[in-house]
Amino acid sequence: MRPVHGGNLAWAAQLAQCPPSVILDFSASINPLGPPASALDAIASHLTDLCHYPDPRYTELRRSIAQFHSISPDWILPGNGAAELLTWSCRELATLPQTHRLVPAFGDYGRALDAFGAQTVDWPIPLRDGCAIPERERCAITQNRLIPIPATATGGLLLNNPHNPTGQLFSVAQILPLLDQFALVVIDEAFMDFLPPAEQESLIDRVADFPNLVILRSLTKFYSLPGLRLGYAIAHPDRLKRWQQWRDPWAVNVLAAAVGEVVLQDVEFQQKTWNWLKLARSQLFDGFQQLGLNPFPGAANFLLVECEASVELQRQLLQQHRILIRDCLSFAQLGDRFFRVAVRTEPENQRLIDGLAAIFQHGG
């Protein structure tokens, strides 16, 4: 069965008839530099804690996150990845008459909203060809394009910023009016930390002003720890206490909690990541353009690329070059006309570019 998420190496290995370990994975948007040494050291030094239950309040973890964001620990709830916290967000959104979202949208939004019977209204982000965007705007989705939600919309809003899969970054100025418009606004900022602080458009520092605002953050993508599962929500304490009553106890294991206490203080790794991403993303973007592809300018660590017959291209890259890209079939508005790739190291990016060139020029 074709996966709906990236990073399914077992599926890819079966298609490519090779061991999963030899596949170069561009389908999952994970930092290729990590995990940082600080995370691995924390895991090693807390292995003996496996014989104990975690602190149910996650006091030290919440304190570390609070210090990083300069907010009170009472406004923080750690979770088993951002996905768990998305579930509780959608349980609340489902109590409203409607929940609005931009599409194409991350597939887990639909899963979580449908699980609680939410009534959803989708608003398409203008894409390039066939979507009323003139040919002269071939560079299409740029940062701060207007959010296509009418002022008459009410209820709940589920928004991710930067947007997945287009990579579009919405500004704080664009989002602030929506906080007065909607009864509940959930903003998934899972990829925000890939932007240097001066370039981020986070609303974390506005949560205390808006009790209807929830921010979701992931620690697994930036710090390359998807197998550990760690994220957190920032919202009004009353809301977080309600979520705590809904979920199972000890949602975060002791090793994940220990990692979360240290990685946000790893300034050296953060700077290394920002330095890598700026150059590597430009390399990949330029390489795609030189091949005649149409990549979307993106603010995060992935690029959406317009391309005919992307599923067949995915198959050829896997079978001929052992490279996995993310097809967009799970995004109903994109289908076979787009693929998405993570930005990886410069040598790995070049391997993808060379593989694509071989397929386009010589049939593989």
**Report entry** Residues of region 327-364 satisfying the condition of being in contact (Cβ under 8 Å) with a residue 24 or more places away in the chain, over 19 Å from SER21 (Cβ atoms) and part of a strand (DSSP E or B)
**Finding:** ASP327, CYS328, ASP336, ARG337, PHE338, PHE339, ARG340, VAL341
Report task. Would you please name the residue that is surrounded by the fewest Cβ atoms within 10 Å (Cβ to Cβ), looking only at residues in region 324-349 that are within 21 Å of LEU9 (Cβ to Cβ) and of a type in the set (S, T, N, Q)? Result -> THR345
Query raised in the report: So which pairs qualify, if the first residue must be in region 201-227 and outside the structural domain of ILE175 (by TED's automatic domain parsing), the second must be crowded, with 24+ Cβ neighbours inside 10 Å, the Cβ gap must be under 7 Å, and the two must be at least 6 apart or on different chains?
Result: none
Query raised in the report: Hey, any hits in region 219-242 for a residue that's buried (at least 19 other Cβ atoms within 10 Å of the Cβ) and over 22 Å from MET192 (Cβ atoms)?
Result: no
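Would region 9-27 turn up any residue that is touching a Gly at 6+ places or on another chain (Cβ under 7 Å) and either in contact (Cβ under 8 Å) with a residue 12 or more places away in the chain or assigned by TED's automatic domain parsing to the domain that holds LYS221 (or both)? Full working, then the answer.
Start the filter on region 9-27 by keeping residues that are touching a Gly at 6+ places or on another chain (Cβ under 7 Å), which leaves 25, 27.
Now narrow it down to the ones that are either in contact (Cβ under 8 Å) with a residue 12 or more places away in the chain or assigned by TED's automatic domain parsing to the domain that holds LYS221 (or both): 25, 27.
The answer is yes; a qualifying residue exists.
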Query raised in the report: Do we have any residue at all in region 101-118 that's basic (Lys, Arg) and under 30 Å from GLU308 (Cβ atoms)?
Result: yes
Query raised in the report: assigned by TED's automatic domain parsing to the domain that holds ARG91, of a type in the set (A, V, I, L, M), at pLDDT 95 or above and out of contact with any helix residue (DSSP H, G or I) (no Cβ under 9 Å at 6 or more places or on another chain), is that true of ALA235?
Result: no
Query raised in the report: If we scan region 104-117, do we find a residue that is under 30 Å from THR345 (Cα atoms), outside any loop (DSSP other than H, G, I, E, B) and at pLDDT below 95?
Result: yes
Report summary line: Residue set GLN245, GLN271; condition outside any loop (DSSP other than H, G, I, E, B), closer than 29 Å to LEU50 by Cα and without any contact (Cβ under 8 Å) to a residue 40 or more places away in the chain; output residue GLN245
Query raised in the report: LEU324 fails exactly one of the following numbered conditions: (1) among the aliphatic types (A, V, I, L, M); (2) outside the structural domain of ALA82 (by TED's automatic domain parsing); (3) touching a Pro at 6+ places or on another chain (Cβ under 8 Å). What is the number of that condition?
Result: (3)
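Do we find that ALA66 is outside the structural domain of GLY260 (by TED's automatic domain parsing), more than 30 Å from ARG337 (Cα to Cα) and either in a helix (DSSP H, G or I) or touching a residue at least 24 places away in the same chain (Cβ under 8 Å) (or both) in this structure? Reasoning before the result, please.
Numbers: outside the structural domain of GLY260 (by TED's automatic domain parsing): no; more than 30 Å from ARG337 (Cα to Cα): yes; either in a helix (DSSP H, G or I) or touching a residue at least 24 places away in the same chain (Cβ under 8 Å) (or both): yes.
The answer is no for ALA66.
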Requested in this report: Find all pairs meeting these conditions: Cβ atoms under 8 angstrom apart; at least six residues apart or on different chains; first residue within region 280-309 and free of Cβ contacts under 8 Å to residues at least 40 places away in the same chain; second residue basic (Lys, Arg).
Outcome: VAL305/ARG340; CYS307/ARG337; GLU308/ARG337
Report summary line: Of (1) within 22 Å of LEU228 (Cα to Cα); (2) buried (at least 17 other Cβ atoms within 10 Å of the Cβ); (3) assigned by TED's automatic domain parsing to the domain that holds VAL252, ARG101 satisfies every one except (1)
Report summary line: Within region 118-133, residues modelled with pLDDT of 90 or more and closer than 20 Å to PHE339 by Cα come out as PRO124, ILE125
Report task. Kindly list, by first and then second residue, each pair from a residue in region 158-179 that is assigned by TED's automatic domain parsing to the domain that holds PRO211 and farther than 16 Å from ALA332 by Cβ to a residue that is acidic (Asp, Glu) and assigned to a loop (DSSP other than H, G, I, E, B), limited to pairs with Cβ atoms under 8 Å and residues at least 6 apart or on different chains. Result -> ASN160/GLU189; ASN161/GLU189; ASN161/GLU201; LEU169/GLU201; PHE170/GLU201; SER171/GLU201; VAL172/GLU201; ILE175/GLU201
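Could you look through region 71-103, keep only residues that are part of a loop (DSSP other than H, G, I, E, B) and not hydroxyl-bearing (Ser, Thr, Tyr), and pick out the one that is farthest from the chain's Cα centre (by Cα)?
Our first condition is that a residue be part of a loop (DSSP other than H, G, I, E, B); within region 71-103, this holds for 71-72, 80, 94-98.
With not hydroxyl-bearing (Ser, Thr, Tyr) added as a condition, the list becomes 71, 80, 94, 96-98.
Details: ILE71: 23, ASN80: 15, ALA94: 22, LEU96: 25, PRO97: 27, GLN98: 24 Å.
Residue satisfying both the conditions and the ranking: PRO97.
The values are calculated or read from the model by the stated rules, or taken from the named source; none is laboratory data. Treat the numbers as computed from the prediction; the structure is a model and nothing was measured. A quick note on method: Cβ atoms are made from the backbone with ideal geometry, for glycine too, and the neighbour counts reach across all protein chains shown.
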